[in-house]
1. Given the structure, is Ile159 free of Cβ contacts under 8 Å to residues at least 40 places away in the same chain and of a type outside the set (Phe, Trp, Tyr)?
2. Go through the range 128-186 and give me each residue that's among the β-branched types (Val, Ile, Thr) and assigned to a helix (DSSP H, G or I).
Amino acid sequence: MEQQARALTGFTLLELLAALGVLATCCALAIPAYGWARGAGVAADVETALVSAVSDATRQAIVGGRQVVMCPSRDGARCDGATDWSAGWIVFTDTDRNRDRAGNEPLHRRQVAIADDVALVSTTGRRLVRFQPSGTVEGTNVTFTLCDGRGRKRAVSWIMANSGRFRRGKAAADAAHRCMAARVQA
């Protein structure tokens with residue numbers, strides 16, 4: 001029997017360029033959507049961590065009958081005295097009531113730094129939150145503003161009243177601007 005010679009087929013340069021064009025178009029559409037979804041996911045994780053830390057701090061204050069402090073902390077051991085919480089935060093029992101953690105004060109929670117593309121800032125002047133044994137919060141209301149690479153319009157705020165109630169809302173324009181500035185500096 002005679003073997004039939006098979007013609008070798010492949011792509012022409014024109015077909016290859018057309019396929020690459022389709023692939024580039026798909027990537028151009030998918031990459032921004034991925035970034036958007038990633039920003040939303042990381043922001044949701046940070047919101048969960050913040051709400052969980054506040055709940056834990058309130059519970060520790062009520063159950064322990066002592067003041068509990070939540071503050072931003074880069075090293076996970078002491079308060080930074082800043083309003084940018086993006087580098088992480090801690091929750092501890094303030095036994096000596098000086099609003100700073102001493103080595104012997106119980107550390108209840110340590111939150112590590114959040115993703116580079118996300119920032120969390122508190123109200124100007126609010127460098128910590130102090131929970132009373134009654135479950136209330138000392139001082140004025142505090143607002144946490146969370147923003148990410150999706151822009152100012154997607155920034156959200158968590159407002160904590162002195163009563164200890166915590167609610168989510170749309171970020172004020174100036175708070176969103178401060179948050180975006182902190183995001184760029186990180």
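Every read-out reported here was derived from the displayed coordinates using simple, explicitly stated rules and does not represent laboratory data. Computed from a predicted structure; not experimentally measured. Backbone-built Cβ (ideal geometry, glycine too); neighbour counts: all protein chains shown.
1. Criteria met by Ile159.
2. Across the range 128-186, the qualifying residue is only Val184.
This table checks each residue for (1) crowded, with 18+ Cβ neighbours inside 10 Å; (2) without any contact (Cβ under 8 Å) to a residue 60 or more places away in the chain.
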position: Gln60; (1), (2): yes, no
position: Val69; (1), (2): yes, no
position: Pro72; (1), (2): yes, yes
position: Trp85; (1), (2): yes, yes
position: Ile90; (1), (2): yes, yes
position: Asn98; (1), (2): no, yes
position: Val129; (1), (2): yes, no
position: Phe144; (1), (2): yes, no
